[in-house]
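What follows is a short report on a single structure.
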Amino acid sequence: MSGTQPIVALESTVLTHGLPREPRKLSAKFLAAHPEWDESLGVNLALALACEDAVRAAGAVPATVAVIDGEPRAGLSRDELERLAAATDAPKLSLANLGYACANRQSGGTTVAATALIAKANGIRVFSTGGIGGVHRGWGRTLDISADLNAIATHPVLIVSAGPKAILDLSATMEVIETLGIPTIGMGTRSLPRFTVEPSPELKISESVDSAAQVASVANAHWSLRPDCGVLVFQPCPAAFALGSGDAEAAIERALAEAASRGIRGAATTPFLLAQLAQAFDGTRILEANLALLIANARLAASIAMHLAT
Ligand code: PSU
Ligand code: MN
């Protein structure tokens, strides 16, 4: 790994499917913690720019990953970011529909799975996202397991996230991650981070570190043994913005019931559940948790990329 450029790939389904396209008034608390935030822009575009800035501020090079007019890309111009953020019909691209999107000259956001593929193709080792996909609740009935997990096991990328999305069956997700042999490293925590929700008191991570340098040394050791398998770094949502377990769990139950009654299935499930959850909280609370963790993850990913490059 030595001598490589410190590049950080950034996932883009969060832009096309996870955040408002319009500007939103955010709290004084959020703005004080993120003085560079541009409130005049749509939230998804402002977030994309804030993550790119966080990577640059740490000395690394940001590369937002997406498909633009049928081309898989790592690194978008401001213009391309604006187009992607404004599109209302951009597909959510995972491994199964990437080829179709390219053949049909579509532009879309890439999931963790598709971002891992495009990062690998571009020689990028580190990427940052919000929450990874995993095993959905009710998997015994639906068999809905995100392509993210197998993609992480088969692409040599280190992914910084705030853990699996709290809407998932987290215990089953951690079992599959273990079955696939993917190392999980808690950043300053031994309790499992759950995306916008505070870490779980019940689910533990056995490997924990306190610095980006330690993450880089574990990743290098792992890749010398298993050069084709990814690494998961879980950093909790910043505590000032994370949702409490009780509040979140009640809202997740309601979101799952709504999804069942509307017959939501397949790739639409994750965006639907997250959108229902966002509505369940007073407008900006979960949104700010999501934004805060995305920016913090981009910053940590940049710092890890710097250590891997030296
Ligand atoms: N962030 C969001 N909404 C999303 C996702 C992220 O706010 O839908 C995406 C991520 O890109 C993740 C994917 O890789 O959800 C997992 O979806 P699925 O369970 O369909 O594989
Ligand atoms: Mn699925």
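Tabulated data
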{"item": "Residues of the stretch 217-268 satisfying the condition of being in contact with a strand residue (DSSP E or B) (Cβ under 8 Å, 6 or more places away or on another chain), more than 15 Å from ligand 1 (Cβ to nearest atom), hydrophobic (A, V, I, L, M, F, W, C) and not in a helix (DSSP H, G or I)", "result": "Val231, Val233, Ala242"}
{"item": "Which numbered condition Ala172 fails, given (1) among the small types (Gly, Ala, Ser); (2) over 24 Å from Leu308 (Cβ atoms); (3) open to solvent by 30 Å² or more (accessible area, probe 1.4 Å)", "result": "(3)"}
{"item": "Test: Ser303 is surrounded by 21 or more Cβ atoms within 10 Å (Cβ to Cβ), over 30 Å from Asn97 (Cα atoms) and of a type in the set (S, T, N, Q)", "result": "yes"}
{"item": "Candidates Ala298, Ala305, Ala219, Ala239 - the one that is within 16 Å of the chain's Cα centre (by Cα), touching a residue at least 12 places away in the same chain (Cβ under 8 Å) and within 20 Å of Thr129 (Cα to Cα)", "result": "Ala298"}
{"item": "Of all residues making up the stretch 215-247, the number that are open to solvent by less than 20 Å² (accessible area, probe 1.4 Å) and not hydrophobic (A, V, I, L, M, F, W, C)", "result": "1"}
{"item": "Unique match (being closer than 17 Å to Arg137 by Cα and of a type in the set (Val, Ile, Thr)) among Ile159, Ile167, Ile185, Ile205", "result": "Ile167"}
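The values are calculated or read from the model by the stated rules, or taken from the named source; none is laboratory data. Bear in mind that the values here come from a model prediction, so they are computed numbers and not experimental data. Heads up, the Cβs are rebuilt from the backbone with ideal geometry, glycines too, and the neighbour counts pull from every protein chain shown. Heads up: the accessible areas ignore ligands, DNA and RNA and are worked out on the full protein's heavy atoms, side chains in. Shrake-Rupley method; radii C 1.70, N 1.55, O 1.52, S 1.80 Å.
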